[in-house]
Each structure stands twice: as C-alpha cells, then as structure tokens.
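Take a look at the structure below.
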Amino acid sequence: MNATQANPEKPALTEAAVRRKRRNILLAGCTTLGALLLALIFLMPLGYGVATALKDKNGVSDPNSGVLPVSSLTFEYEGKELDIYTVPMPDGETRELALVSPGRESSVFVDPENPGAGTIDWEGRWRTLTPVQGLDPQWGNFEEAWNAISFLRMTGWTMLYAVSTVILTVVSSAIVAYGFARFRFPGRGVLFGVLMVTILLPPAVTLVPKYAVFLQMGWVGTYLPLIVPHLFANAFNVFLLRQYFLTIPRELEEAARIDGAGPIRTFIRVIVPQAFPALTAVSLFHFFYAWNDFFEPLLYLAGNREIVPIGVGLSYFSGVYNSEPHLILAAALLALVLPVAIFLAAQRVFVRGIVVTGVDK
Amino acid sequence: MTDFTDAVLATGRKRRGKSSRPASPMQRREARWGYAFISPWIIGFVLFWAIPIGASLVFSVLDFQLTDPGATTFAGGSNWERALSDPDTWTSLAATFRFTVLFLPLSLVVALGLALLLNSRHLRMVGLFRLLFYMPSMIPLVAGILIWQQVLNPQTGWVNKLIGLTGVNATGADGIRWFDNPVLVLFAFSFIGLWGIGNAMVINLAGLQGIPTELYEAAEIDGAGWWRRLRSITLPLLSPVMFYNLVIGSVLILQYFVVPWVLFGATGRPQGASRFMLIHFYQEAFVFGNMGYGAALAWFIFVVVAVFTVLLFGTSRYWVHYGTERS
C-alpha cells in the first residue's frame, strides 16, 4: 500500500507492460499457428504419399476410401480365408462374424473371437451386410517397389555419378577460382565476364554438336559424357569459390611466399584449408544438383536403362506402372529418403554454406 | 548473391584505365600463373561452349539426320524457315511464356512471403519452420513430381478431396481435372515448382537479416505501419536479392523441362500446354533425330533466353536499389 502511494505511476506502467506482453504473446501464438497451418498444407502431399503408399491396389483406386490404408478383415477358419461382416443379431446387438457359407435367405457364420463355439446360423441376406475393415498398412509395397526399380543398383549409379562429379568439379573449380581471385593477367575481366555469362546461357544450344561428337566417340550410353566435362570446372562453382577466396586475407599467402612456397604450394597449403567451409558447401550443393540431374542423363544414357540414375529410373518406372500408384509412391518415397537424410544430417554445414557462399544452387 | 548480378552487370561496362606500360618480368610471371590456374576452364569453355555453339550454327544449315549421317546435305535456311513456320515452335513459345508469366511472380511472392514469415520476431521455433519449408527442396525432383501427380488425382487425391470439403464438387465427373485442362495444368506445375522454393526463400531470408534494424526502429518512431515499412524499407533494400532470384528463376523457367517431361513426355497434353520450348527441341533433335532442325530450334531458344535476360538486366536500373556503398 505504502509503495503504491509513494510511486503512483508505477501500477499504470506495469499495466501497459502487461498489455504489451499479452499482445506479443497473442501475436506470437497467431504467427506460429499460421506458420504451422501453412507448413501442414505445404507438406500435405508427403502425408498423402505415405498413407497411399501403404494402401493395397483396391484401396488406392477406390475414390471413397478413407485416409488410412485399410482393407477388409478376414479370418482363417478350417483352412479357408473368410470375410468378416458386421451382422445385426436378432437380439438387437451387432456382432462381427466371419461368413462360413453364404446362402440366399440365411447364412452360416462363425465368431472369429470364439471359433470353438461352433457356427452361428443367421436369417437374412448376407449381401446387405457391410464388410468389417481394419488398419492394414501394406509394408510389402515398399519391398515390391524396391525390387521393381532395382533400388540399390540405381542408387549406386546415382551415387557414383554424384560423388565423382563432386570431386572433379570442386577440385577444378577451386583451381580456376584461385586463378581469377589472385592473379592479375591481361583479359582477366573479360574472361571472368564470359564465365559469368555462360551461367545464364541455355546449354541446349551446345547439345546437338556435343551429342553428335559423343555418339561418334562411342560415349553415348555411358557415363563419360556426364562426368568428363566436370574436369574443366563449373562456372557457377568458380564464381562461388572466387567470392570466398577474395575474403581470405592476402597476408597468409604472402607469408607462405616468403617461406619460398610457389603458387601451387600456396594454394594447397594456405587457400584450401582456409576455404574449407566454402569447399564443403559447394560440394554439398553440387552433390544435390547431380542427384537431381535429369536432362543430361536422359539424353546421354538413352538406351541403357540398366545404369540410369534414380531420377530417370523413377520416370521410366512411373511410365510402366501407371496403373499402380501405390507402388509409384512407394518408389518415390524410397528415392527421397537418402537425400533428405543427408540434408538433415548436414543441415548445419548447409545453412552455414549458404551464408559463407552467399548463395545456393 | 547480389555479387552475382553485379558481376554480370560489370561485364557490360566499359573498362578504362588500363596501363599501357610494358609488363615487368614479375607481372609476366604472375600472368603466366594466372593463365595456368584458369586453363581448365578455358579448355572446357572452348571444348564444351565455344566450339559447340558455333557448330550448332553450322548444323542448323544442314539437313542432318542422326539415323543417316552419311546423307547429310546443305540445307541453307530451310531449317530456320521451318523453325519459324512450325506451329509447334510458336505453341512452345506461348506455353513457355504463359507459364513464366504465372509462375515467376508467384514464386517470387511466395519466396518473399515465407522469408518475411521466418524473419518475423513473433514467430517461435524459427529453426523448425525454416527446416520444414526448406525440406521439399531436398526431395529429388522426379520423386516430388510423382507424389504431386497422385495427390492431384481428380478422384482419389487429397487436394480435390480437401476442395470437396468446402462444398465444391471437385472429385466428381465434372470435377477439377488438374492434368486435363490447359490452364489448371499450369497450376499443377506451379505447385510442384513451389516445392522447390527453398533456395529463393533462404536467399531472401539472408537478405532480410542484412537490413539494419535501426531503419525499422526509426520508421516505427515516425509512425510507419507494417505495410509502409515493407514498401519503403524492406522491398527497396531487398530488391538486389529479388533481382538475383528473378534472373535465376527466369533462366530456369525458360528452360523448363523435367516436370512436363515426366508428366506428359512429348505429347504436349493437355492441348499443347506442356509443350515447352525445350520439350519441342528435345523431341525434334533426339527423339526424331532431326539434328539440323534441332540445332536451329536450339539457337531459337538461345536467342529467346538471351533477349529476355538482357531485357531483365536492362530494366534493373529502374527498380533495383543499390545502396550508396556500391556506387
């Protein structure tokens, strides 16, 4: 009491602060809820994919089927698979019974929970009864899809393509980027400009002659046309790495030079360790880029379905299995597990990479 | 990211102040090392860009069938005439531009909206949401396409079922057929495209975080509301980032291929809406084996993309705001 009398403004201030705090909590709640709703809508197809990949063929094509993978329950009785129905009994209660022998006006049922009690005769038309359905995820769909797309083989080829091009492109791009970042030579500006422009030009304009030459060389149908060009640096990676190299203080290199190191030694001993975050980031970006690459593998591997990477393989698969959406979805989910897992595991490096290189592919 | 567009713009500027002094031995040594380091790219550029672009031009005046290379003859301008009179060329150009006009603004706005949301001080669990909105970008494109193909199924897909909940008859015989209607299919393409929006979103977010908070505080003291702050501070300061997203987005979208190819192949269904420029080119050159005609079409695409990109860069000085630090 005494305190409020001595300092009359204080309660009013706290009241305003409380109101502001309440308003902030409300805003935070609304914003977060809105974001959650948006994320749910955004990711809804994934939920659909999982639910549908677990359905059986009938469940997928039935427009009235529910969200979850269900199927009609059956009961094995004396060596036979019997369908289970909801049966209204004469005493008014309904029981779930297995149909042993159907008849026009009366049928014989058995209680799946108590088959030892013998059969139950029921008066009425069994066709009017509704079958009992239960949750029945078809985990076997994933196994079937795994085998149908030769998942391991396709993943192996994709991995080979991604890893080999990552190594080639990162090494060659780093070398070129160092040249652009640290050495003065006539025409550097023009050449770097040309490099930047090639990032924006459509590669389609080079494809016809390249394809004709690769065909002559017998490279079409192999990974050579996809891998060999990466020996010669990738313009975008050069740009990213050069940006990063420019931020490395020159004093480090000068110290190495005074110690008698030549440019190659300086590059390996000073620049590469300093640029490690950028090199990792560019490697990761390129890995995902290669994992997703579709056009060039489609073109250059045409006619060799045994070795296509997973993207092209999935598209072939969906063309052949278009009447079995549950298998297509199972295959699609299988294909996304590995990249998403790598992303989640490397998320920190990834986010830091976007920051250090300032850009993403 | 804005360094990228800056570097491209710099190539268009004239360079001055080059010293005409003869190079000292030290300078010559440095230059030799420079050329040595960039030589992998020079070789690659000559082998995989310069020569093929020139060769494409040569091919475009030949009648060259992949099936019978021996019978190649000089065709003069006939491939070019054919490219410009082929109705499919104009269908494909129209399809590409229709989709560009729809998806480019849509993707820019959604990427900006999500970045603003993630940057909001009211949002809790920012890391989780950034992950959730970014994650679909990590899903292999073809897997994403196949999932969307099913979720947009007119009868059994959840999209139509959800729309059906609002009372619209979406799943019936007269329901919403995403893949049979030339306008709706562009929305189907857009949904698939929005799953790949993570990169643009993260780039926008980095740009937003680079805007000094003092500007917002000052504006708030002056009584500027949310909309006013967005228009007068956020958008101008973010415009270089938006420009980068616009350039990369338009270059990618003008070469749109994978989504229509996986969904429709070269059929162009529905009613030519999926016959994009690159699909038309791929079909002529590599499915039908008309390499000469394909080369002419490739040059056509090249010219379209180049003109579009030059126009974009030309407009940039009217709306892209560059701070004083890069005068």
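Being at pLDDT 85 or above and at the interface with chain A (Cβ under 7 Å from one of its Cβ atoms) narrows it down to one of B:4, B:48, so name that one.
The conditions single out B:48.
Among the residues of the stretch B:100-124, how many are farther than 30 Å from residue A:308 by Cβ and more than 7 Å from chain A (Cβ to nearest Cβ)?
Selection size over the stretch B:100-124: 17.
Quick one: count up the residues across the stretch A:223-235 that are assigned to a helix (DSSP H, G or I) and touching a Pro at 6+ places or on another chain (Cβ under 9 Å).
Of the residues in that region, 3 qualify.
Would you check if there is a residue in the stretch B:62-77 being touching a residue at least 60 places away in the same chain (Cβ under 8 Å), acidic (Asp, Glu) and part of a strand (DSSP E or B)?
There is at least one residue in the stretch B:62-77 that is touching a residue at least 60 places away in the same chain (Cβ under 8 Å), acidic (Asp, Glu) and part of a strand (DSSP E or B).
Within the stretch A:297-312, can you find the residues that are touching a helix residue (DSSP H, G or I) at 6+ places or on another chain (Cβ under 6 Å) and either aromatic (Phe, Trp, Tyr) or surrounded by fewer than 18 Cβ atoms within 10 Å (Cβ to Cβ) (or both)?
Residue satisfying the conditions is A:300 alone.
From the list A:213, A:197, A:220, pick out the single residue that is more than 7 Å from chain B (Cβ to nearest Cβ), surrounded by fewer than 22 Cβ atoms within 10 Å (Cβ to Cβ) and part of a helix (DSSP H, G or I).
On inspection, the qualifying residue turns out to be A:213.
Restricting attention to the stretch B:267-302, which residues are assigned to a helix (DSSP H, G or I), more than 9 Å from chain A (Cβ to nearest Cβ) and of a type outside the set (Phe, Trp, Tyr)?
Correct list: B:279, B:280, B:283, B:284, B:287, B:296.
Among the helices (runs of 4 or more DSSP H) lying completely within the stretch A:247-361, list those that include at least 1 residues that are of a type in the set (Val, Ile, Thr).
By residue number, A:250-258, A:263-266, A:276-292, A:310-320, A:325-345, A:347-357.
Which residues, taken from the stretch B:217-231, are surrounded by 14 or more Cβ atoms within 10 Å (Cβ to Cβ) and modelled with pLDDT of 90 or more?
Correct list: B:219, B:229, B:230.
From (1) touching a residue at least 24 places away in the same chain (Cβ under 8 Å); (2) closer than 30 Å to residue A:141 by Cβ; (3) in contact with a strand residue (DSSP E or B) (Cβ under 9 Å, 6 or more places away or on another chain), pick out the condition that doesn't hold for residue A:58.
Of the numbered conditions (1) touching a residue at least 24 places away in the same chain (Cβ under 8 Å); (2) closer than 30 Å to residue A:141 by Cβ; (3) in contact with a strand residue (DSSP E or B) (Cβ under 9 Å, 6 or more places away or on another chain), the odd one out for residue A:58 is (1).
Could you please let me know if residue A:79 is more than 30 Å from residue B:154 (Cβ to Cβ) and surrounded by fewer than 18 Cβ atoms within 10 Å (Cβ to Cβ)?
Yes, satisfied.
Which of the residues belonging to the stretch A:33-69 are in contact with a Phe, Trp or Tyr (Cβ under 8 Å, 6 or more places away or on another chain) and within 7 Å of chain B (Cβ to nearest Cβ)?
A:35, A:39, A:42, A:44, A:45, A:48, listed by residue number.
Hey, any hits in the stretch A:269-286 for a residue that's surrounded by fewer than 17 Cβ atoms within 10 Å (Cβ to Cβ) and under 30 Å from residue B:309 (Cβ atoms)?
no
Which of the residues that make up the stretch A:112-137 are among the aliphatic types (A, V, I, L, M) and either more than 28 Å from residue A:56 (Cβ to Cβ) or over 45 Å from the mean Cα position of the chain (by Cα) (or both)?
Those that are among the aliphatic types (A, V, I, L, M) and either more than 28 Å from residue A:56 (Cβ to Cβ) or over 45 Å from the mean Cα position of the chain (by Cα) (or both): A:117, A:120.
Of everything in the stretch A:109-165 that's among the small types (Gly, Ala, Ser) and more than 30 Å from residue A:221 (Cα to Cα), which residue is surrounded by the most Cβ atoms within 10 Å (Cβ to Cβ)?
Going through the qualifying residues, I end up with A:124.
Step by step: first the residues of the stretch B:132-166, then only those that are more than 18 Å from residue A:314 (Cβ to Cβ) and not in a helix (DSSP H, G or I), then the one that is farthest from the other protein chains (Cβ to nearest Cβ). Which residue is that?
Checking each candidate, the answer is B:166.
Checking residue B:314 against (1) buried (at least 20 other Cβ atoms within 10 Å of the Cβ); (2) closer than 23 Å to residue B:99 by Cα, only one condition comes out false. Which one?
With respect to (1) buried (at least 20 other Cβ atoms within 10 Å of the Cβ); (2) closer than 23 Å to residue B:99 by Cα, residue B:314 is out only on (1).
Here's the yes/no breakdown for (1) over 22 Å from residue B:180 (Cα atoms); (2) charged (D, E, K, R); (3) buried (at least 17 other Cβ atoms within 10 Å of the Cβ):
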| site | (1), (2), (3) |
| --- | --- |
| B:69 | yes, no, no |
| B:77 | yes, no, no |
| B:80 | yes, no, yes |
| B:92 | no, no, yes |
| B:107 | yes, no, yes |
| B:124 | yes, yes, no |
| B:144 | no, no, yes |
| B:154 | no, no, yes |
| B:157 | no, no, yes |
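Identify, by number, the condition in (1) within 8 Å of another protein chain (Cβ to nearest Cβ); (2) surrounded by fewer than 19 Cβ atoms within 10 Å (Cβ to Cβ) that residue B:174 doesn't meet.
Result: residue B:174 fails condition (1) only.
I'd like the full set of residues that are aromatic (Phe, Trp, Tyr), in a helix (DSSP H, G or I) and surrounded by 19 or more Cβ atoms within 10 Å (Cβ to Cβ), limited to the stretch B:241-266.
The answer is B:243, B:244, B:261.
Restricting to the stretch B:206-240, and then to whatever is over 30 Å from residue A:352 (Cβ atoms) and not in a helix (DSSP H, G or I), can you tell me which residue is nearest to the other protein chains (Cβ to nearest Cβ)?
B:225
For residue B:190, only one of the following conditions fails: (1) of a type in the set (Gly, Ala, Ser); (2) facing chain A (nearest Cβ under 10 Å); (3) in contact (Cβ under 8 Å) with a residue 12 or more places away in the chain. What is its number?
(2)
For the stretch A:170-180, which residues satisfy the criterion of being buried (at least 21 other Cβ atoms within 10 Å of the Cβ) and more than 7 Å from every other protein chain (Cβ to nearest Cβ)?
Answer for the stretch A:170-180, where residues must be buried (at least 21 other Cβ atoms within 10 Å of the Cβ) and more than 7 Å from every other protein chain (Cβ to nearest Cβ): A:170, A:173, A:174, A:177.
Name the pairs: first residue in the stretch A:82-93 and among the acidic types (Asp, Glu), second residue assigned to a strand (DSSP E or B), Cβ to Cβ under 8 Å, at least 6 apart or on different chains?
Cβ pairs passing all conditions: A:83/A:72; A:83/A:74; A:83/A:98; A:83/A:99; A:83/A:131.
Among the residues of the stretch A:257-288, how many are closer than 19 Å to residue A:180 by Cα and of a type in the set (A, V, I, L, M, F, W, C)?
Residues in the stretch A:257-288 being closer than 19 Å to residue A:180 by Cα and of a type in the set (A, V, I, L, M, F, W, C): 11 in total.
The values are calculated or read from the model by the stated rules, or taken from the named source; none is laboratory data. The structure displayed is predicted, hence computed values, not measured ones. A quick note on method: Cβ atoms are made from the backbone with ideal geometry, for glycine too, and the neighbour counts reach across all protein chains shown.
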